[in-house]
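K.L.:
Handing you a structure now.
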Amino acid sequence: MNKILVVDDDNDIRLLLNRFLSKNGYDVVCVAKGYDAIVYLKQNNPDLILCDYRLEDMNGKEFITKIKEINPDALIIIITGYSDVKDAVEVMRLGAFDYITKPLYPDEILLNIKKALSRKINSQAFPQKNVVSSLNIKTIEIDKEQYIVGESTEYATIIKQINLVAPTNYSVIIYGESGSGKEVIARQIHNNSKRATKPFIAIDCGALSKELAGSELFGHEKGAFTGALNQKIGNLEIANGGTVFLDEIGNLSYDIQVSLLRTVQERKIRRVGGIKNIELDIRIIVASNEKLWEAARAGKFREDLFHRFNEFSIDVPSLRDRKSDVMIFARHFLNLTNKELGKNIIGFHSDVEEILINYVWYGNLRELKNVIKRATLLSEGEFIEAKSLPFEINNFHKLQFEVPETHTNSIPENQILNKDTKIESLENKLKKANIDLNYEIILEALKQSNFNKSKAAKLLNVDRKTLYNKMNQYKEFNNEN
């Protein structure tokens, strides 16, 4: 259960938020003063802080500055009145995740909280300023902040590319699979650039609905559309002077691509429903899991926008293509989870290391992190054992649907009464055993994915058609026999 700290000097607001958030499954702690919140945060680490901009003893700028001194990674959403919007934007530049304007609407609060917590969960927890070195983790320092790095030649190449492009103002395209650490690289580019002291705003374009994408990126004026009850500053404007990271850029609709092209060309934006252009000085880094030039040729992405972004590109190899990095990141995620759970697990059994290195990490760093978190939670000793790993990891070699060979020549001739019948019987048994095993694995994958066939197919590293064929094969074989 996620814990939320509510800081507001209005007793009615505190009661309202406490009741509403508790009803929606959150563990809520409420305080009235900024000082009380600081005392609480020195001993506790809530998942999110929801704070009014104007408190009795301090304003939002003072509050967020003090909180960031205690916990630089604190996730903060500011509640503000319409007249304080400019101050709220400044607070976001100091490190707040987002702001909500009064009057408060339950659905809007819930949406912002879920978005913030989702970003926290999905991020790769970089940078880390206090990395425990007990598990021999390598780091590099960029602008006094520590980043976990791999030791593979592929990652060494990426570090060189980062150092090369970061001091420039080039737009960058980062290509890589989901969960491979594209946002980490974007942050490294930003933190090693002249814009390092300015905002870094990451936007998941895949999570933006077609209806709200324009508002999220460019902002909107009050009354611009149904439900636009207040003015909203867009993320591009919030990032002014800094860097914007647009993840999965290919998911933006054609209309939004047109508006974005105009922004890139003119370095100006206009809020939805607005009549005034706003000067913009931002660096744009985009990421995609598909090649944008191929998407452009297929008519799914504007070619002129692709050329605007394609001043420099970085290809991030998947984790399965850099196996020497697996245990480095595994140890890092173990350190993080030890802190989170208050455990002191020393490391991994040698057989577990072998399993982790030889597994094909389809979900890349994100999947590895989730596996380590689960294994740490389940482990009772000083080392993580194989029994704490998920089914699909431990049984990965069985998930490849390889049909075993029928070594019929190994059967001694004098033991065969009817050679043809014996071989046919043996082959039939082997075939049935293999089909039964495949079906067991498919069934387990379906359970793991809550019986979502697309997810189960991805888990098994096969396409959806192959999954259906294997299931039909089982039914047909058992009907015949």
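K.L.:
Can you spot a residue in segment 108-130 that is within 27 Å of residue 181 (Cβ to Cβ), of a type in the set (Ser, Thr, Tyr), part of a loop (DSSP other than H, G, I, E, B) and at pLDDT below 80?
P.N.:
yes
K.L.:
So which pairs qualify, if the first residue must be in segment 90-118 and on the phi < 0 side of the Ramachandran plot, the second must be modelled with pLDDT of 80 or more and polar (S, T, N, Q), the Cβ gap must be under 7 Å, and the two must be at least 6 apart or on different chains?
P.N.:
94/65; 98/112; 100/112; 101/230; 110/24; 117/2
K.L.:
Then there is this: Just checking, which of 179, 219 is closer than 23 Å to residue 315 by Cβ and among the small types (Gly, Ala, Ser)?
P.N.:
Going through 179, 219 in turn, the sole match is 179.
K.L.:
Could you check how many residues of segment 209-229 are at pLDDT below 80 and crowded, with 18+ Cβ neighbours inside 10 Å?
P.N.:
0
K.L.:
Give the residues of segment 356-392 that are over 19 Å from residue 444 (Cα atoms), buried (at least 16 other Cβ atoms within 10 Å of the Cβ) and aliphatic (A, V, I, L, M), sorted by residue number.
P.N.:
Correct list: 356, 365, 368, 372, 384.
K.L.:
Working only within segment 242-270, note down all residues that are on the phi > 0 side of the Ramachandran plot and among the acidic types (Asp, Glu).
P.N.:
The one that is on the phi > 0 side of the Ramachandran plot and among the acidic types (Asp, Glu): 248.
K.L.:
While we're here: Is it true that some residue in segment 265-287 is among the polar types (S, T, N, Q), part of a helix (DSSP H, G or I) and at pLDDT below 90?
P.N.:
no
The values are calculated or read from the model by the stated rules, or taken from the named source; none is laboratory data. Since this is a predicted model, take the numbers as computed values, not measurements. Quick reminder, even Gly has a Cβ in these numbers, built from the backbone with ideal geometry, and neighbours come from all protein chains shown.
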